[in-house]
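Since every read-out is calculated from the coordinates, none of them should be taken as a lab result. This one's a predicted model, so the numbers in the text were calculated from it and none came from an experiment. Because the Cβ atoms are built from the backbone with ideal geometry, glycine has one as well, and the counts that use them run over all protein chains shown.
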Amino acid sequence: MIKGTDIIWLESILKATPDALQYIADNKSVAQNLRDAFPHPYTLDDAVTFLDNVRQGKMGIVYGMFLNTGELVGVISLTPGRDVNRFSAEVGFFVGEQYWNRGYATEALRLVGNFAQFRHGLKRLYATVFDYNHASMRVLEKAGFKKEGIMKSSAVKDDKILDEHLYGLVLGNSNIEIIGRCKF
Ligand SMILES: CC(C)(COP(=O)(O)OP(=O)(O)OC[C@H]1O[C@@H](n2cnc3c(N)ncnc32)[C@H](O)[C@@H]1OP(=O)(O)O)[C@@H](O)C(=O)NCCC(=O)NCCS
């Protein structure tokens, strides 16, 4: 359930300004849970480059999580696999720390799962989570993902080797189409 009074919409991240993106992305607590490709500090140039890459189709399918006011609160992406993995997509997401614990990430995952199923015909979503990221694990579980295993010593972050937890969601269990809040 959404805890706050606002609901979120997913729309192309290209609707967001670089300033709005930098405002939520320039944060160590966000960056330490993401791949090193996500810069810290996150400059305005980084935001401009990211949006250009999205525009050129280099970043998969990338949505902004928007409030009704148009305020950007987070980002969620789908990166479809290739070849035999073409019905599967990795999901990546973050919410600006200013907006944590209001249910936005959970709702975004539910919306994107629905969209992935009905719009893209995908069969599976997955995410890998650093072993210390309990908030992300909780969010994935609330959105229906199951822990499929632990990838031992699979990542290095801040010079420390760590495990990643693999979460998967097999799509097709929902017959409720709610893509109205997911525009692309
Ligand atoms: C993980 C993240 C996306 C969650 O976003 P959010 O909008 O705050 O998530 P929600 O509000 O939907 O749910 C948060 C849940 O995590 C729980 N939580 C928060 N901090 C926690 C912690 N340290 N340990 C355990 N659970 C925690 C909350 O209590 C809530 O669960 P509840 O509804 O059962 O109380 C956000 O913290 C974030 O962007 N983190 C940095 C980037 C990141 O980790 N991305 C995911 C990479 S796999």
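Here is how the numbers come out for the structure above:
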item: Gained length - Thr49 relative to Asp131, 0.36 nm times residue gap less alpha-carbon distance; result: 26.6 nm
item: ³J(HN,Hα) computed for each position of the range 87-92 - Karplus, 6.51 cos²θ - 1.76 cosθ + 1.60, integer Hz, glycine/proline x; result: 9, 10, 9, 7, 10, x
item: Inter-centroid distance (Cα atoms) of the range 32-108 relative to the range 13-29, Å; result: 10
item: Signed unit charges on C-beta, dipole axis of the range 1-154, positive-most listed residue Ala89, Gly149, Leu78; result: Gly149
item: Mean separation of Cα contacts under 8 Å, 6 or more apart, over the residue count of the range 35-184: relative contact order %; result: 18
item: Which listed pairs, of Lys58/Lys157; Lys28/Lys152; Lys28/Lys58; Lys15/Lys152, have C-alpha distances above 29 Å, in listed order; result: Lys15/Lys152
item: Peptide ranges 138-147, 39-48 listed from the most packed, as the mean C-beta count within 10 angstrom indicates; result: 138-147, 39-48
item: Residue-count net charge about Gly60 - beta-carbon cut-off 12 Å; Lys, Arg +1, Asp, Glu -1; result: +1
item: Inter-probe distance in nm under a simple model that places probes 7 Å from Cα toward Cβ, at Lys152 and Arg35; result: 2.5
item: Listed residues Ser136, Ser154, Ser77, most fluctuating in the chain (Gaussian network, C-alpha, under 10 Å); result: Ser154
